[in-house]
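Bear in mind these aren't lab numbers, they're just calculated from the coordinates by the rules spelled out. Quick caveat: nothing in here was measured; it's all calculated off a predicted structure. Reconstructed Cβ throughout: ideal geometry from the backbone, glycine too, with neighbour counts over all protein chains shown.
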Amino acid sequence: MLDAVRRLGLHYLSSGRTIPQASQLQRFLDKDFLIQTLRQLQIDCVLDVGANRGQYAESLRDIGYTGEIHSFEPIPGIFDLLSQAAASDPHWHVHNFALGQTAGTSEFNLVGDGGPNSVYSSFLSPAHSTIPERVTTISVVIKTLDSLIDVIAPLNDPERRLFLKMDTQGYDIEVCEGAKTLLPRILGLQTEISVTQIYAGQPDYIEALRYCRDLGFSLMNLSVVSRTEKCAVLEYDCVMARLD
């Protein structure tokens, strides 16, 4: 059976056809690797930073993760959709603020009209043509993960096994800098890293990988998120874990 699939695949490629980017097969492989990593690390609480409408949390449920999820989304209109998505799940909790290095309020660049393009919204200014030009500014509340240790129960329980997912459009290191106390207890993380600068001032992929390595994480998986028109890699999705 496997040999037949291999021959079919080689025939497909040799005929001049191409496999579409972000094919369903690759997505399934990436999701399989993620759930296997969560199981290997025995994760029972996922911190979903930059949750948008809850797509990531829903995908975790789809692949069999049944533990606690805490989703963080600062944009009011998007947060309403997130709240609706989580309403029927007693183990999925939502929070209407951003996470960063220091607590306070800050101007936030809102891209688009709150629709699909809102995933590009960031504290940083757009610096790439893939991001829509329509940008408005709103003020959002920022908290640090460390400030939530006594607020969110799993963060104050040394027996809980934490996984940090970040999708903050260039702001992930700031999130980690606000979690210096909590980070040693985080067993795995997932972050998007940019090969081509998408936001002004964001770290590139080498800097981001080095930062995570210096925190004690080992690289487990890289998958392409998007490419340029010339097929160069624009962003990777990166899964890392503590293996000691």
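Tabulated values for the structure
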{"quantity": "Label-to-label distance, nm, for residues given as Ala4 and Gln42 (7 Å Cα→Cβ offset)", "calculated": "4.3"}
{"quantity": "Test item: Cα-centred dipole of the range 25-85, Lys/Arg +1 and Asp/Glu -1 on Cβ, debye", "calculated": "160"}
{"quantity": "Arg160/Ile206 FRET efficiency (R0 35 Å; Cβ-Cβ; nearest 0.05)", "calculated": "0.60"}
{"quantity": "Thr136/Glu58 FRET efficiency (R0 22 Å; Cβ-Cβ; nearest 0.05)", "calculated": "0.20"}
{"quantity": "Extension gain (nm, one decimal) between Phe33 and Arg242, 0.36 nm per residue minus Cα-Cα", "calculated": "73.7 nm"}
{"quantity": "The range 46-78 versus the range 213-244: alpha-carbon centroid distance in Å", "calculated": "20"}
{"quantity": "Residue order, fewest to most surrounding Cβ atoms within 10 angstrom, among His91, His70", "calculated": "His91, His70"}
{"quantity": "Other-chain or far-sequence residues with amide H under 5 Å of Val225's (modelled H)", "calculated": "Glu235, Tyr236, Asp237"}
{"quantity": "Nitroxide proxy distance, nm - points 7 Å out along Cα→Cβ at Lys230 and Asp150", "calculated": "5.5"}
{"quantity": "Proximal lysines relative to Lys180, as straight alpha-carbon distance under 21 Å, when same-chain residues fewer than 8 apart are discounted", "calculated": "Lys143, Lys165"}
{"quantity": "Calculated from backbone phi, Karplus (6.51, -1.76, 1.60) coupling profile of the range 56-63 in Hz, x at Gly/Pro", "calculated": "5, 4, 5, 5, 4, 5, 4, 9"}
